[in-house]
Every structure is written in C-alpha cells, then in structure tokens.
1. Does segment 41-82 hold any residues that are of a type in the set (D, E, K, R) and either surrounded by 13 or more Cβ atoms within 10 Å (Cβ to Cβ) or under 19 Å from F114 (Cβ atoms) (or both), and which are they?
2. Which one of the conditions (1) at pLDDT below 95; (2) in contact with a helix residue (DSSP H, G or I) (Cβ under 7 Å, 6 or more places away or on another chain); (3) among the aromatic types (F, W, Y) does Y84 fail to meet, given that it meets all the rest?
3. Collect the residues in segment 76-114 that are in a loop (DSSP other than H, G, I, E, B) and basic (K, R), keeping them in residue-number order.
4. Yes or no: segment 99-113 includes at least one residue that is among the acidic types (D, E) and either touching a residue at least 40 places away in the same chain (Cβ under 8 Å) or loosely packed, with under 15 Cβ neighbours inside 10 Å (or both).
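The values are calculated or read from the model by the stated rules, or taken from the named source; none is laboratory data. Every value quoted in this text rests on a predicted model; they were computed, and no experiment measured them. So basically every Cβ, Gly included, is an ideal-geometry build from the backbone, and we count neighbours across all protein chains shown.
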Amino acid sequence: MGRTPSNRRLTSSHGSDAVKPLTPPNYLKASGKRTWKRLWEAGRVWLGPPDEPAVKAVCEQVDQISDLRGMAAQVERPELEQKYLHAIQAAEKSLMSSLSELGFSPVAQARLGFTVSQVAEAESGPRRRGRRRTTETTHD
C-alpha cells in the first residue's frame, strides 16, 4: 500500500510531499464521500495514489453499512432487525480490519514505521483538533 515505510516521510499538511485527496468516485453515496475525504486528510502522511483501490473499498463498505442501518431502522419484526444488526456488526468488523490495513490504527502505524508522536506532529497545524471516531464514518 502506498510508499514503503523506509521511504515514507511524515509531512505537515503544507509539506511538499503531502498527498492531495483524489476525487471520490461518483457512485459513492454521501457517507462514502465523507469517508473518502476524511481518509485522505487523516492519512495524508502515508497514503498515496497506489492506495486508491483500498480507500475506494473502505468507502464502499461505509456506504453498505449506512444502507444496512437504514434498512434495520425500517423493519418491524424483531427477528429480522436482529439479522440486520448482526450483518451490521460483521460489516463493521470488516471495516475496522480494512481501516487497519490502510494504517488507521496505532499498531498499523507502527508497522509502517511511524510513532504516535510522529503522526501527531505531522497532523498538527491549522486542522481542527479533536478525537476522531470511526463510527462517525458509518452514519449518514
């Protein structure tokens, strides 16, 4: 995925090596497009154009989870709602695995050769600060 750890350089959002977000695919829904933007912004220090197919897949997963949530909210039979909830949980587990593969966990960032302080330093700047919740990406 992207550049190898040995030749990845952490940069600020204004650094010359910072990757600008690519244009999201038109077929993504609102939740997928929001996730696309967030992933490219948050992962700008390690994501690159070769990561685009994996980012697309994550955004598609987010759209699917959003759709499942919408369907679960519309069913009236408790047993059917439980099936949707189980499907949502399985999809969220898969999403978390995909996000980790893209470097969005402390363990994954360590595998890439980054320390928490390096990532935090590269993220400092004019961006909004605050805790990112991965569950936010699954809601419309």
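1. The initial filter retains those residues of segment 41-82 that are of a type in the set (D, E, K, R), namely 41, 44, 51-52, 56, 60, 63, 67, 69, 76-77, 79, 81.
Scanning segment 41-82 gives E41, R44, D51, E52, K56, E60, D63, D67, R69, E81.
2. (1)
3. Pass one, segment 76-114, residues in a loop (DSSP other than H, G, I, E, B): 76-77, 102-105, 112-114.
Matches in segment 76-114: R77 only.
4. The initial filter retains those residues of segment 99-113 that are among the acidic types (D, E), namely 101.
Checking the rest, the ones that are also either touching a residue at least 40 places away in the same chain (Cβ under 8 Å) or loosely packed, with under 15 Cβ neighbours inside 10 Å (or both) come to 101.
Yes, segment 99-113 has at least one match.
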